[in-house]
1. Does segment A:127-135 contain at least one residue that is out of contact with any Asp or Glu (no Cβ under 8 Å at 6 or more places or on another chain), touching a residue at least 40 places away in the same chain (Cβ under 8 Å) and assigned to a loop (DSSP other than H, G, I, E, B)?
2. What is the residue count in segment A:169-184 for residues that are part of a helix (DSSP H, G or I) and polar (S, T, N, Q)?
3. Given the criteria touching a Pro at 6+ places or on another chain (Cβ under 6 Å) and either within 15 Å of DNA strand B (Cβ to nearest atom) or at pLDDT below 95 (or both), does A:TRP6 qualify?
4. If I ask for residues that are over 20 Å from A:LEU132 (Cβ atoms), within 11 Å of DNA strand B (Cβ to nearest atom) and within 15 Å of the chain's Cα centre (by Cα), which ones from segment A:169-205 would you list?
5. I'd like to know if segment A:220-229 contains one or more residues that are within 25 Å of A:GLN20 (Cβ to Cβ) and surrounded by fewer than 16 Cβ atoms within 10 Å (Cβ to Cβ).
6. Can you name every residue in segment A:244-261 that is of a type in the set (Gly, Ala, Ser) and closer than 24 Å to A:GLY102 by Cβ?
7. Are any residues in segment A:86-95 without any contact (Cβ under 8 Å) to a residue 24 or more places away in the chain and over 19 Å from the mean Cα position of the chain (by Cα), and if so, which ones?
8. Taking into account only those residues within segment A:206-236 that are of a type in the set (Asp, Glu) and not in a loop (DSSP other than H, G, I, E, B), which is nearest to DNA strand B (Cβ to nearest atom)?
Amino acid sequence: MRIATWNLNSVTARLPRLLQWLEESEPDVLCVQETKVAGDKFPVAEVAALGYEVAHHGQGRWNGVGIISRVGIADVVTDFAQSPGFPESDIKEARAIAATCGPLRIWSLYVPNGRTPDDPHYRYKLEWLKALSGTLAADVHGERPFAIVGDFNIAPTDDDVWDPAQFVDATHVTAPERGALQQFLDLGLHDVFPRPLKGDHPYTYWDYRAGSFHKGWGMRIDLVYANTTLQKAVTDAYVDRDARKGKGPSDHAPVVVDASL
DNA sequence: ATGCCTTTCCCAGAAAGA
């Protein structure tokens with residue numbers, strides 16, 4: 001079974017690249033983030049033509065998460081219990097969706113950016129992650145293969161950014177954010193560390209500006225956390241950096257995990 | 001070369017991204 005996660009930065013703008021990637025890479029389950037379309041505006045028919053079903057939770061201009069599967073989609077849940085909103089607690093954003101795809105239970109997540117550590121959005125990010133971790137114990141400890149995947153907007157260690165000196169006092173690398181990731185490990189999840197197809201670091205994101213991709217100025221912020229059942233079944237994991245090349249790419253590359261399920 | 005920001009709102013420039 002091939003499982004993948006990819007921040008598309010607009011499913012509308014990325015549709016040709018998405019369809020091409022589905023055909024070439026043949027994932028069984030692809031979790032997507034930043035679809036940037038309303039719930040009913042996802043290009044379901046185009047994806048269906050390749051044999052895939054879609055569960056999508058979108059809101060229009062920002063955010064939006066989905067799960068694309070060719071092994072079934074059942075028990076879809078949007079959002080999680082006690083998820084905070086922004087800027088007010090009752091204004092919920094489309095950042096989480098879960099489904100059961102064949103033997104696998106999986107969440108597609110778009111963690112809030114945080115903007116800067118002194119911004120209310122940063123506090124929201126930490127609260128969102130804390131609320132999420134509070135909902136996962138039963139699935140993590142169950143026998144069923146389980147994963148939370150997506151754009152976590154946090155680099156787990158300094159090895160996961162191209163130059164730590166560039167990120168002093170910046171979001172994505174602060175101790176509280178990394179502490180939030182540690183909570184997932186403490187719960188019993190495993191960071192499925194992908195191999196890079198080039199270079200020493202499996203970065204998943206490169207800024208569009210300044211030729212960052214070509215200079216190797218990347219970050220590993222798209223992550224796969226698997227429970228022990230799934231972790232034991234993993235046979236390979238890699239970042240498909242080729243998807244960051246060429247005309248009209250997303251600024252993120254897909255993370256691909258193969259598992260014997 | 002892998003190539004120097006992109007996407008959405010909508011037609012102008014702001015907001016957001018990380």
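1. Yes.
2. 2
3. Working: touching a Pro at 6+ places or on another chain (Cβ under 6 Å): yes; either within 15 Å of DNA strand B (Cβ to nearest atom) or at pLDDT below 95 (or both): yes.
Against the criterion (touching a Pro at 6+ places or on another chain (Cβ under 6 Å) and either within 15 Å of DNA strand B (Cβ to nearest atom) or at pLDDT below 95 (or both)), A:TRP6 qualifies.
4. Here is the first cut: in segment A:169-205, the residues over 20 Å from A:LEU132 (Cβ atoms) are A:169-170, A:193-203, A:205.
From what is left, the residues that are within 11 Å of DNA strand B (Cβ to nearest atom) are A:170, A:197-199, A:203, A:205.
A:TYR203, A:TYR205 - these are the residues of segment A:169-205 that are over 20 Å from A:LEU132 (Cβ atoms), within 11 Å of DNA strand B (Cβ to nearest atom) and within 15 Å of the chain's Cα centre (by Cα).
5. Just the residues of segment A:220-229 that are within 25 Å of A:GLN20 (Cβ to Cβ), to begin with: A:220-224.
If we keep only those that are surrounded by fewer than 16 Cβ atoms within 10 Å (Cβ to Cβ) too, we end up with none.
Within segment A:220-229, none of the residues are within 25 Å of A:GLN20 (Cβ to Cβ) and surrounded by fewer than 16 Cβ atoms within 10 Å (Cβ to Cβ).
6. Of the residues in segment A:244-261, the ones of a type in the set (Gly, Ala, Ser) are A:246, A:248, A:250, A:253, A:259-260.
Passing the criteria: A:ALA259, A:SER260.
7. Going through segment A:86-95, the residues without any contact (Cβ under 8 Å) to a residue 24 or more places away in the chain turn out to be A:88-92.
A:GLU88, A:SER89, A:ASP90, A:ILE91 - these are the residues of segment A:86-95 that are without any contact (Cβ under 8 Å) to a residue 24 or more places away in the chain and over 19 Å from the mean Cα position of the chain (by Cα).
8. Narrowing segment A:206-236 to residues of a type in the set (Asp, Glu): A:207, A:222, A:236.
With the extra rule that they be not in a loop (DSSP other than H, G, I, E, B), the set shrinks to A:222, A:236.
Working: A:ASP222: 9, A:ASP236: 22 Å.
Residue satisfying both the conditions and the ranking: A:ASP222.
The values are calculated or read from the model by the stated rules, or taken from the named source; none is laboratory data. Please read all numbers here as calculations on a predicted model, not as lab measurements. Ideal geometry is used to build each Cβ from the backbone, glycine not excepted, and the neighbour counts take in all protein chains shown.
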